[in-house]
Amino acid sequence: MIAQLINFSIVVFVLWFFVFKPLGAKMTERTKTIEKSLEEAKAIAANLQQSEEKKLAAIRAAQEQGQQLINEARQLADSERQKSLAATQSEVKKIVEAGKVQLNQEKQNAILAVKKEAADLVVAATKKVLTDIITQPIDEKLVAQSLAKIKTAKPGEAE
């Protein structure tokens, strides 16, 4: 029985030294590797979550910036449209004013031309009618008076 106990002790010692101790060390090493891998997986998951959040924040920022650019472009277009409209209205006003001035000038010229024609006709008619009746000095006096009245009359007055 002592021999069996010694044999059993030797087998336990050999097993312990060559099997259980290296197996325990491997198991501990494997446990540490698994724990390290789990920690790395957690870190990777956290990094992935952070990356996803950063990506979403970047997308939101890009959308906001794009919307801001669109709004600025709309405001600029509205501003340019208003400027163009104001310039066009100003140009139309200038053209209308120039047309009015030109129309008044043409009216004045037409009135002067009509007065001149009327004066010429009056002189010719008076000369024709009065040639036999009135003497030369009276004739000249009447014509001069008629011309003076026509020339001093303002446009639009009844003559």
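Here are the numbers for this structure:
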item: Cross-chain or 6+ apart pairs with Cβ under 8 Å, region 97-122 first and on the phi < 0 side of the Ramachandran plot, then surrounded by fewer than 11 Cβ atoms within 10 Å (Cβ to Cβ); result: ILE111/GLY156; ALA118/GLU159
item: Qualifying positions in region 97-132 - loosely packed, with under 12 Cβ neighbours inside 10 Å, within 52 Å of the chain's Cα centre (by Cα) and not polar (S, T, N, Q); result: GLU97, ALA98, GLY99, LYS100, VAL101, LEU103, GLU106, ALA110
item: Contacts under 6 angstrom Cβ, first residue in region 127-151 being under 30 Å from ASN109 (Cα atoms) and in a helix (DSSP H, G or I), partner at pLDDT 75 or above and of a type outside the set (Lys, Arg), 6 or more apart; result: VAL143/VAL123; SER146/VAL122; LEU147/ALA119; ILE150/ALA119
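The values are calculated or read from the model by the stated rules, or taken from the named source; none is laboratory data. What you are looking at is a predicted structure, and each value in this text was computed from that prediction instead of being measured. Here Cβ is always computed from backbone atoms with ideal geometry, including for glycine, and neighbour counts include all displayed protein chains.
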